Ligand code: HEM
């Protein structure tokens, strides 16, 4: 695609771009490419999850700045001991078993415990959070491109809407409690926040809660799982890391590039325009394959080589521009602590049952359902 049809239109409905240059343009030029679906679709097809992810300026800027305070270097420094403690407990629990599944035993529980504590929601509800995340991200690309695509899309829409209704109902009661009894958590902070003297609307609050719960867990889960896939495929990198742990941050960037947990970013054409000789119409969906952009030889030297010392490494795995992932510092910190402690504790780590690895069932999340080691 990158080489032969960089601006590709398979179903006359949505466009796909796959080069670094075009995916970068897609996420950077927010005047040409809008994130706000409601400007282009009838209200009945409005997105189920309304959050800053699908807003344009100026509202996007105002709301994003409220949330960004939760992810400042100072806030993260305060989280470090707690993330370390949780990781320690999770690793202690599996050490006795002699084998572990990176996903079930470490990379799924860690980010979900952290985000649940930040939001101030009960950790006992974890199975429910997992169920909701799976329902939101699941979907087969083959299904979407098949003949009965419209039917499949409608089914996916209904499933996501039902899940979002459940998530919203859950957070509505948490928000009501926090109004009565504010705490130290993000929800209480958002309730107290004002934009031009105005409180956030209930929909805006719910959008934040759902986004943080979903965006903050499944992605980091797969970053840690994908790191193990990379290290198993490149044992020399694992040895190098054990000898020089200071390389871990740059190794994590290379995992993000080489096996991106999020592979597609979506926008809507804000007007008619021509991109590489193709006429894109206002309102059409343009998908940007960030996973492909991260392997574009026009941007990366030897892109198929996994190099934990790669520098510079301007991958697009956290997006770019105004919607750049707000949780990136937290995801990097969690991955650094989890992988650092894992490599320190275990001298030899190998994936078992490699042939049985199954991909996550999703059109935009990349990773394995289980990574047994
Ligand atoms: C946005 C990826 C972890 C919260 C994004 C975007 C990407 C992304 C690609 C931009 C989407 C777009 O431009 O359309 C990832 C990856 C993660 C991760 C790969 C882990 C490895 C997190 C975590 C949190 C988080 C831990 C919070 C707890 C957000 C938020 C946005 C966002 C709030 C919306 C930003 C905006 O619209 O201004 N993420 N994310 N993410 N992410 Fe993450």
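How large is the helix-only mean residue ellipticity at 222 nm for the chain, computed as the sum of -39500 (n - 2.57) over DSSP H runs with n ≥ 4, divided by its residue count, in deg cm²/dmol to the nearest 500?
Values: 14 runs with 181 residues, N = 373.
Dividing the helical sum by the residues of the chain leaves -15500 deg cm²/dmol.
Order these peptides, 88-98, 238-248, 254-264, by their mean beta-carbon neighbour count within 10 angstrom, highest first. Don't jump to the answer; show the numbers that get you there.
Details: 88-98: 12.3, 238-248: 14.9, 254-264: 23.8.
Highest to lowest by the protection proxy: 254-264, 238-248, 88-98.
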>> On the Cα set of region 7-356, report Rg and Dmax in Å, please.
In response: 20.8, 61
>> Apply the a/c threshold of 1.5 to the C-alpha gyration tensor of region 292-368 and tell me whether it is rounded, prolate or oblate.
In response: rounded
>> Sort 75-87, 159-171 by packing, meaning the average of other beta carbons within 10 Å per residue, with the highest value first.
In response: 159-171, 75-87
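Bear in mind that the values in this text are calculations on the coordinates, not laboratory data. Just so it is clear, the model here is predicted, and its values are computed rather than measured. So basically every Cβ, Gly included, is an ideal-geometry build from the backbone, and we count neighbours across all protein chains shown.
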